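J.: Before I ask anything, here is the structure I am working with.
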Amino acid sequence: MNRRQFLLGSAIFVAGCGDIDPTGPNPTESNLSIVDTHQHLWNLRQFRLTWLQPGGELTRDFTMADYEEATEGLGITKAIYMEVAVVPEQQLAEAKYIVRVCEDKSNPTCAAVIGGLILEDSFNDYILQFKGNPYIKGVRHGLNNPRQLEDNRLIQNLRRLGTLNMSFDLLVPPGLMGEAAKLVGRCGDTQFILDHCGNADPLAFDHNLDWGREPQHNADQWKSDVDTLARQTNVICKISGIIARVPKGKAATEVLSPVVMHCLYTFGPNRVVFGSDWPVCTHGASLHVWTNLLNEIVQKRSFEEKYKLFWENAHRFYSLS
């Protein structure tokens with residue numbers, strides 16, 4: 001059974017799945033644990049991240065100790081590391097590093113999505129090094145050019161991921177989601193994750209907001225493209241990232257809710273997962289603020305849906321133990 005079949009086969013929620021929850025066999029609102037599907041860590045003495053701005057607030061080390069401090073009291077008991085766009089020659093070292101982190105059971109990081117040159121012929125030999133590795137769950141590589149989405153090497157390498165039961169994180173600008181839907185359709189046995197609600201900009205949904213800039217996309221077009229992408233059954237949506245686009249002090253439920261609610265409605269309760277995007281989320285607000293705002297947005301949803309969003313879907317999708 002491949003990952004796509006497993007996801008589809010789980011469309012009906014089975015009561016009693018609390019046996020995978022470390023808080024006990026009967027999870028409740030008060031003891032619900034959270035899987036963070038989008039955790040970043042970096043040590044700038046070990047890895048080069050050329051996208052960081054000199055003197056920027058993120059241009060420093062972000063360690064496991066920092067993460068544990070940032071998540072204290074939130075109920076985040078498991079985390080999935082997300083690659084941090086190191087320079088290409090360091091991708092293998094980054095992957096090996098995070099495997100060691102996952103092997104250390106004293107921290108919450110239990111799985112990883114690694115970087116990889118998905119558009120290169122060398123990708124096959126690279127990814128085969130992690131065949132059967134219990135911690136490497138997928139690959140991410142940003143795609144920002146429509147020609148990339150039609151590249152035959154990309155298609156071949158994405159299909160290879162499917163044969164290895166690995167996923168691919170779609171990190172695309174909003175304007176390319178329609179093309180991304182076609183890509184997903186051509187790789188039906190590979191599971192995809194739409195990162196950051198399709199890189200939605202909350203500003204696009206409220207013209208009364210004054211953030212000193214223009215929206216990064218049209219709200220109606222984003223909705224239409226999300227709908228198109230969600231019709232592909234081998235893609236899920238990560239509720240993450242959007243708070244990083246909100247100016248500090250401006251984050252509120254009414255600002256984030258239009259994006260979150262559309263994704264929850266369009267993908268449905270079985271195909272959404274929570275991600276912190278820490279520490280990038282701190283561009284807009286702390287991890288505590290982001291998590292609490294999301295909890296407020298979904299407050300009126302059933303406990304079953306919250307359980308799926310924050311725990312069950314990630315556990316099932318990433319085959320966490």
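J.: Please specify each residue of the stretch 77-95 satisfying the condition of being of a type outside the set (A, V, I, L, M, F, W, C) and under 20 Å from S167 (Cβ atoms).
T.: Scanning the stretch 77-95 gives K78, Y81, E83, Q91, E94.
J.: Among (1) surrounded by 14 or more Cβ atoms within 10 Å (Cβ to Cβ); (2) closer than 29 Å to G132 by Cα; (3) among the aliphatic types (A, V, I, L, M), there is one condition V87 misses while meeting the rest; what is its number?
T.: Among (1) surrounded by 14 or more Cβ atoms within 10 Å (Cβ to Cβ); (2) closer than 29 Å to G132 by Cα; (3) among the aliphatic types (A, V, I, L, M), V87 violates only (1).
J.: Of (1) within 15 Å of the chain's Cα centre (by Cα); (2) aliphatic (A, V, I, L, M); (3) part of a loop (DSSP other than H, G, I, E, B), A314 satisfies all except one. Which?
T.: Unmet condition: (3).
J.: Which residue is nearest to A79 (Cα to Cα), if the candidates are limited to the stretch 278-287 and must be under 17 Å from the mean Cα position of the chain (by Cα) and either among the acidic types (D, E) or surrounded by 21 or more Cβ atoms within 10 Å (Cβ to Cβ) (or both)?
T.: In this case the residue turns out to be W278.
J.: For the stretch 73-89, enumerate the residues that are within 20 Å of K306 (Cα to Cα) and of a type outside the set (K, R).
T.: Answer for the stretch 73-89, where residues must be within 20 Å of K306 (Cα to Cα) and of a type outside the set (K, R): G73, L74, G75, I76, T77, A79, I80.
J.: Does the stretch 240-264 hold any residues that are crowded, with 20+ Cβ neighbours inside 10 Å and among the charged types (D, E, K, R), and which are they?
T.: R245
J.: From the set of residues in the stretch 186-222 that are within 20 Å of the chain's Cα centre (by Cα) and small (G, A, S), which is surrounded by the most Cβ atoms within 10 Å (Cβ to Cβ)?
T.: G198
Condition check ((1) surrounded by fewer than 19 Cβ atoms within 10 Å (Cβ to Cβ); (2) farther than 22 Å from S224 by Cα; (3) touching a His at 6+ places or on another chain (Cβ under 6 Å)) across all residues:
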| position | (1), (2), (3) |
| --- | --- |
| I236 | no, no, no |
| T266 | yes, no, no |
| V273 | no, no, no |
| V289 | yes, yes, no |
| N292 | yes, yes, no |
| K308 | no, yes, no |
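J.: Kindly indicate the residue of the stretch 62-76 that is surrounded by fewer than 13 Cβ atoms within 10 Å (Cβ to Cβ) and charged (D, E, K, R) and also farthest from Q91 (Cα to Cα) among those meeting that condition.
T.: Looking at the filtered set, the residue picked out is E72.
J.: While we're here: Which residue pairs have Cβ atoms closer than 6 Å, lie 6 or more positions apart in sequence or on different chains, and pair a first residue in the stretch 148-177 that is more than 24 Å from N218 (Cβ to Cβ) with a second residue that is modelled with pLDDT under 95 and in a helix (DSSP H, G or I)?
T.: N165/R3
J.: What is the number of the single condition among (1) of a type in the set (A, V, I, L, M); (2) within 15 Å of P174 (Cβ to Cβ); (3) out of contact with any strand residue (DSSP E or B) (no Cβ under 8 Å at 6 or more places or on another chain) that V255 does not meet?
T.: (2) is the only condition that V255 fails.
J.: Hey, any hits in the stretch 142-158 for a residue that's surrounded by fewer than 19 Cβ atoms within 10 Å (Cβ to Cβ), in contact with a Lys or Arg (Cβ under 9 Å, 6 or more places away or on another chain) and among the acidic types (D, E)?
T.: yes
The values are calculated or read from the model by the stated rules, or taken from the named source; none is laboratory data. Everything numeric here is computed off the predicted structure, so don't read it as measured data. With ideal geometry, Cβ positions are generated from the backbone for all residues, glycine too; neighbour counts draw on all protein chains shown.
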